[in-house]
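The values are calculated or read from the model by the stated rules, or taken from the named source; none is laboratory data. Computed from a predicted structure; not experimentally measured. Positions of Cβ are generated from backbone atoms using ideal geometry, with glycine treated the same way; all protein chains shown enter the neighbour counts.
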Amino acid sequence: MDHIFELQFYLSEWEAARRWLADNAMLLSISTVGQAIVVLAAFLAARLVAPRIRATLERITQGHRLEIQLRRAASAIAPLTLPVAWLVLLWVAVLIAAQADLPRHLMAIVVSLLTAWMVIRLTASLVRDPVWSRFVTLVVWAITALNILDLLGPTMALLDSVAITLGGLRISALIIVKAMLSLAILLWLATLAGRVLERRITSSPNLTPSLQVLTIKLLKIVLVVIAIVVALRTVGIDLTAFAVFTGAVGVGIGFGLQKAVSNFISGISILIDKSIKPGDVISVGDTYGWVSSLGARHLSVITRDATEYLIPNEELITHQVINWSYSNSEVRLKLPVGIAYGADVRQAIALCQEAAAETPRVLKAPPPACLIKGFGDSSINLELRIWINDPRNGVSNVKSEVFLRIWDRFRAHGIEIPFPQRDLHLKTPPEICVVTRPTIDAPMGLGSRLEPTAP
């Protein structure tokens, strides 16, 4: 890379460019200018006819009576109406020039570039991601254009000359470009393969949901690692040269991404032991909902009010988690009920069981059970125990429905639900009598003193 700062390097490049211009002086001839005018005129004519052609293709796309292959072809060509019309007109111009034995070198180059653009654009349309599609289109067209103009070799030589040496490793701009292109293509192939494998694994009935998620994530990681390694080996980079460097970087990243790594390992642990899987109903602290998805860093929980919480995987390992559907979906709920001391306890128990049995979501087997839990300060404490098998539909709403039915039955049968009360007892204070006695040292009739005496 040291020659970049030398004047001789730029002088030699300028001399090479001058020789290329001398060898291709025909590009500046009068015939070249005429061909350029023909190319421009074909473009203007294509601009005039392109809207009408596109309208026709859109009508074909919307025609339900036509063959589906024809509609797909029209849908793919409709966005490319202008370059297609321009290409057709240029092909006609090239054929006329060939028949009249006129110069057509520039027009042939433009036709080749347009043809390459059309083929690449139609091929890139198969890529659904717009970013990848645009990237593939630009890169492949640039390489094709350089090859058509016989500039691909000089461009590669120029990029290869810009290089640095790190020990025994030589890294040039050409190697970096090749590595980036190889990595982009391999990552796209890895992503495409990951999607195909994900659909196959998801549709497999022999794998549990948690094992499906774990397998998909491990496969995606393996495919990405393989893509990176193959891309580096493709351009001739020896991976052993990065051993010490990657080790030091790995230690630094390990300290900086400690939480992220902890969440990732916790997520793998959750998937392996199958304690939580998509579709489970869980409670984490004050969050109650069903698991929507398991990510590499967090778990998505959707509550009854359609709020989505992203809970880090580490919290699921270090904190208590209630999984309402871990082994099965049947859950027992406990409902406290208080009745007055003067009420008929046996009748109240029977009414509670009837109210629970008539609630649609309460299971008939096991049947509802009502027990006496103790004698409180103001009430006899009962506990109604019911079973449900759909905790995903909510717990508080089924409790509310059962309580409402109990309330209606208690009012219909005169059973009182007490409220906290206290008895206050007031004691009468003793009577106090007051008598007046004269003082000893005071003259008679001049002073007296009041002294309380007991009754």
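Filtering Asp273, Asp280, Asp344 for residues that are of a type in the set (D, E, K, R) and within 20 Å of the chain's Cα centre (by Cα) leaves a single hit, Asp280. Residues that are within 26 Å of Ala193 (Cβ to Cβ) and either among the basic types (Lys, Arg) or touching a Pro at 6+ places or on another chain (Cβ under 8 Å) (or both) were ranked within the stretch 91-149; the one that is modelled with the highest pLDDT is Arg134.
Condition first: surrounded by 16 or more Cβ atoms within 10 Å (Cβ to Cβ) and among the aliphatic types (A, V, I, L, M). Now tell me which residues in the stretch 371-403 satisfy that. Answer for the stretch 371-403, where residues must be surrounded by 16 or more Cβ atoms within 10 Å (Cβ to Cβ) and among the aliphatic types (A, V, I, L, M): Ile380, Leu382, Leu384, Ile386, Ile388, Val395, Val398, Val402. Applying the condition of being on the phi < 0 side of the Ramachandran plot, out of contact with any strand residue (DSSP E or B) (no Cβ under 7 Å at 6 or more places or on another chain) and without any contact (Cβ under 8 Å) to a residue 40 or more places away in the chain to the stretch 299-314 and asking which residue is surrounded by the fewest Cβ atoms within 10 Å (Cβ to Cβ) yields Asp305. Screening the stretch 386-416 for residues that are under 11 Å from Arg361 (Cβ atoms) and without any contact (Cβ under 8 Å) to a residue 40 or more places away in the chain and picking the one that is farthest from the chain's Cα centre (by Cα) gives Asn397.
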